[in-house]
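Reading through the structure tokens given below for one structure.
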């Protein structure tokens, strides 16, 4: 992975880093920020962010996640958002645009899942993969669903964060009646059956 | 047995694909033929369309059903002769300009540079009509009968279009001077710059700037050098 994400021009507009007092402008500004976050995460296949906006998990294994250009800071113009504004932006992303969710609503410090692809779309991808490989009704381990090289796992699903995978299954596929989760004797998730 | 069933299935789906591809091709050719016929029709029967209400309704309905904006037809038929534009052209263009102004108001507070306006018009136009800034001015003159809602301003030799914002307030001279200074300074002003250049006292700076923030004409930046607040004009983003 050699290419770097190209931020849109507004990322070098200094006032972008200050919460605007005019509410109409602010709502536009928050939309711009959320666009940047979603494009950035999609580019690097980042599915979760820490609370401070730094990347937490990416599907791209070779990516050194700590050396990516920061989202909320622009050194070339010497600007960065403060913690408070950062929280406002993330709040907008979660509650207004519904493009993110806390990993654990009881522990917001754990960070957020970012949905540049919605849970429904993820669920569909997963279902299509299992269906097209004739594995409907088979119990599959989390490893088989995210890491396996043998069964033609598509790139879009490769290395998917297991936490997110479970969320996709629980919040979408199970509700659709399309999946079951099987626990092992240690009360951990032993496998997933998609039907 | 099983094998041949699979072969059949593959052959059928292949056939199905090629049939539906053919259909799509044919349909899109038909549609584009129809579109150009419609354009010709509109330019030939322009007067009839204009004068006959029932005919016009039917025509508009037809346009809508195949996804053509009648306004675009008007623009196109009015610009067929590139030297002499017809009234139709200017009127349709004026409507387009108003649309762009409405769409961008929340971002720019009601002041848009002609350069930006032209590039947005170009983006939205599927028939690729060349529009110049003179033509924009001319079509705005058609709107004068509706009151002075749209006005061309000259700021540092650049043309801007000012349109009344929802609050109805116009652009004051002071606000205009703030924009002038912004364009000298590469996009922003500070209280100090306003004081040094115009000898405004603090109260005047604050009154003018606060109102401009309220109207969305400038954005605030609290992280300027030496802790000075900077006030930026938003068209910087698209320039």
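The values are calculated or read from the model by the stated rules, or taken from the named source; none is laboratory data. From a predicted model like this one, the values you see are computed outputs, not experimental measurements. Note that we place each Cβ from the backbone using ideal geometry, even for glycine, and neighbour counts take in every protein chain shown.
Things to note:
- Filtering B:232, B:200, B:219 for residues that are farther than 22 Å from residue A:24 by Cα, in contact with a helix residue (DSSP H, G or I) (Cβ under 8 Å, 6 or more places away or on another chain) and not assigned by TED's automatic domain parsing to the domain that holds residue B:115 leaves a single hit, B:200.
- Flag for residue B:181 being assigned to a loop (DSSP other than H, G, I, E, B), within 22 Å of residue B:162 (Cα to Cα), more than 8 Å from every other protein chain (Cβ to nearest Cβ) and within 32 Å of the chain's Cα centre (by Cα): no
- Answer residue from segment A:1-32, given it is in contact (Cβ under 8 Å) with a residue 40 or more places away in the chain and at the interface with chain B (Cβ under 7 Å from one of its Cβ atoms) and is nearest to the chain's Cα centre (by Cα) among those: A:17
- For segment B:206-229, the set of residues classified as more than 12 Å from residue A:22 (Cα to Cα) and not in a helix (DSSP H, G or I) consists of B:221, B:222, B:223, B:224, B:228, B:229, listed by residue number.
- So residue A:58, is it out of contact with any strand residue (DSSP E or B) (no Cβ under 8 Å at 6 or more places or on another chain) and not assigned by TED's automatic domain parsing to the domain that holds residue A:172: no
- Residue match in segment B:193-212 (condition: touching a residue at least 60 places away in the same chain (Cβ under 8 Å) and more than 14 Å from every other protein chain (Cβ to nearest Cβ)): no
- Condition broken by residue A:35, with the remaining ones in (1) without any contact (Cβ under 8 Å) to a residue 24 or more places away in the chain; (2) part of a helix (DSSP H, G or I); (3) surrounded by fewer than 20 Cβ atoms within 10 Å (Cβ to Cβ) satisfied: (1)
- Residue match in segment B:65-86 (condition: more than 18 Å from the chain's Cα centre (by Cα), surrounded by fewer than 18 Cβ atoms within 10 Å (Cβ to Cβ) and at pLDDT 75 or above): yes
- Failed item, numbered, when residue B:128 is tested on (1) out of contact with any helix residue (DSSP H, G or I) (no Cβ under 8 Å at 6 or more places or on another chain); (2) modelled with pLDDT of 85 or more; (3) not in a helix (DSSP H, G or I): (2)
- Residue within segment B:218-239 that is surrounded by 13 or more Cβ atoms within 10 Å (Cβ to Cβ), more than 20 Å from the chain's Cα centre (by Cα) and farther than 24 Å from residue A:11 by Cα present: no
- Qualifying residue in segment A:132-154 (condition: outside the structural domain of residue A:29 (by TED's automatic domain parsing) and either in contact (Cβ under 8 Å) with a residue 60 or more places away in the chain or under 30 Å from residue B:224 (Cβ atoms) (or both)): no
- Scanning segment B:89-118 for residues that are over 17 Å from residue B:141 (Cβ atoms) and touching a residue at least 40 places away in the same chain (Cβ under 8 Å) returns B:105, B:106, B:107, B:108, B:109, B:110, B:111, B:112, B:113, B:115, B:116.
- Scanning segment A:14-25 for residues that are surrounded by 14 or more Cβ atoms within 10 Å (Cβ to Cβ) and at pLDDT below 95, we see that the one that is farthest from residue A:122 (Cα to Cα) is A:22.
- Cβ pairs under 6 Å, 6+ apart, first in segment B:220-239 and facing another protein chain (nearest Cβ under 8 Å) and on the phi > 0 side of the Ramachandran plot, second at pLDDT 90 or above and crowded, with 21+ Cβ neighbours inside 10 Å: none
- When segment A:67-87 is filtered for residues that are away from chain B (no Cβ under 13 Å), closer than 14 Å to residue A:37 by Cβ and in contact with a helix residue (DSSP H, G or I) (Cβ under 7 Å, 6 or more places away or on another chain), only A:71 remains.
- Restricting attention to segment A:21-52, the residues being out of contact with any strand residue (DSSP E or B) (no Cβ under 9 Å at 6 or more places or on another chain) and within 19 Å of residue A:110 (Cα to Cα) number 1.
- Qualifying position, being more than 18 Å from residue A:165 (Cβ to Cβ) and surrounded by fewer than 15 Cβ atoms within 10 Å (Cβ to Cβ), among A:44, A:95: A:95
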